[in-house]
1. Measure off 7 Å from each Cα along the Cα-to-Cβ vector at Asp229 and Ser139, then give the distance between these two points in nanometres to one decimal.
2. Using only the Cα atoms of the stretch 177-319, build the gyration tensor, take square roots of its eigenvalues as a ≥ b ≥ c, and label the shape rounded, prolate or oblate: rounded if a/c is under 1.5, else prolate if a/b is larger than b/c, else oblate.
3. Sort 258-267, 322-331, 163-172 for me by packing, meaning the mean count of neighbouring Cβ atoms within 10 Å per residue, highest on top.
4. Per 10 Å bin, what percent of the C-alpha pairs of the chain does each bin hold, from zero upward?
5. Just how large is the dipole of the chain about the Cα centre, in debye to the nearest 20, putting +1 at every Lys and Arg Cβ and -1 at every Asp and Glu Cβ?
6. Positive end of the dipole of the chain, charges at C-beta (+1 Lys, Arg; -1 Asp, Glu), about the Cα centre: which of Met274, Val237, Gly53 has its Cα farthest in that direction?
7. Show the residues, 5+ positions off or on another chain, whose built amide H is closer than 5 Å to the amide H of Ala64.
8. Evaluate the relative contact order of the chain (contact order divided by residue number), counting alpha-carbon pairs under 8 angstrom at least 6 apart; express in whole percent.
Amino acid sequence: MIPLEEAQSHVLRNVSQLPSGGLALSSACSHVTAQAVTSKELVPPFDNTAVDGYAVIAFNTLDASDSDEVQLEVIGSIAAGVDPDFELEDGQCAKIMTGAPMPKGADAVVMVEWTSTNDVGDAVRISKSVKEGDHIRRSGEDLQVGDQVVGAGTFLTPAHIGLLAGIGVYQVNVVQRPVVGVFSTGDELVEGNKPLKPGQIRDSNRFSLLALLERDGFQTVDLGLIPDDKEAIESTVLEGVEKCDALLTTGGVSMGDYDYVKVVLDEIGDMRWMQIAIKPAKPFAFGVVQSVPVFGLPGNPVSSMVSYLLLAKPALQKMMGLDSVLPSYFLGEAGEDFHRRVDGKTHFVRSFLERSKDKNLIHPVGKQGSHQLSGMAEADTLAVIHDGEGISKGSSIEYFRY
Ligand code: AMP
Ligand code: MG
């Protein structure tokens, strides 16, 4: 068995970042930028009001209070999108709506809640004093000309997309996201809701893996369910490497008589088969076929997901342009005893996180078998239990959330 870190660095060494190119902003979310973007504009572009109310000269409101209101002359009303063409003089104010530009002469805004007008609307009584600058959003407060809006290597989130639209950038240079093909292997597997024949089970891995890939921002190609047949596996791999930037397979990488995935990868690619010192997800094959990485994940449903999280996902993230790709472990407190025996492996125990006052308590779920997907579904966290006798309740525990 080899340490997980060795398997991870082998995989990461053998994949590289995909080419980059321009992409419409509307499609760019969840891509990684290949180039920094700097702002050529001020955001906001002009001083404007943060509230609905009255643009005033702060000095005029100095004595305003509930018992002693100040009356000002209203000389105009400014809607958002309008450029006011007047200037306030002593004793004057203007009605103003959120986002509208400040008129000349005004230096603060009184919220409408602190005002009352006469019937005609040409005078307003103010019951609260404001200071210079109150409720004004200054031009350039969000972005200055020359500010970096996103750096190179940034994973674009919806906020970045809005920020870029806000400065009129509708095309961004991003790294291509890998197109990932997925197929399951196994003579016992079927798809569909016909009653199962003796010995059959339904394929679940292809569905959970496609869902993981979609969730993590990769494009997917479903390459189907393939029998334990060397020729069928070989032709699916060859078809897959034509269409895809990476392939995930499940099953057929253990020590069984019909485990053909590693046999095929060995024959048509540069393959390394590994027994990794982890539980679940010990067997793993990684091959490069016509420069396309192929991740041979184990067949047990929980193992295939854990193997994806620890080995395939980091590599795919490197391909999509991210720098720091390995899962980050956090420290929490064991909410229960995590029993285990010495076996030379690191155990990833399906768990859930409970936020309790200032602590993150980690609890194992009941079903820990690598075939028990319901345990995985109940969990949101993997507790990392290094080789040894386990961790007792109340001790510090490493975990990562997936
Ligand atoms: P294998 O790695 O092919 O030896 O499979 C290990 C175990 O996982 C066996 O019990 C298989 O039946 C099961 N298995 C393999 N592939 C799948 C799949 N796609 N969906 C559900 N179970 C699977
Ligand atoms: Mg099999």
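Taken together, the values in this text are just the output of simple stated rules run on the coordinates, not laboratory data. Please read these numbers as outputs of a predicted model, since none were measured by experiment. Using ideal geometry, Cβ is built from the backbone for each residue, glycine included, and neighbour counts are taken over all protein chains shown.
1. 7.2 nm
2. Rounded shape, in that the Cα axes give a/c under 1.5.
3. Highest mean packing first, the order is 258-267, 163-172, 322-331.
4. The percentages, shortest bin first, are 5, 18, 19, 16, 13, 11, 10, 7, 2, 0.
5. On the way: 33 positive and 55 negative charges, 363 e Å.
Using only the charged Cβ atoms, the result is roughly 1740 debye.
6. So the residue we want is Met274.
7. It is Ser129, by chain and number.
8. Averaging sequence separation for qualifying contacts and normalising by length gives 16 percent for the chain.
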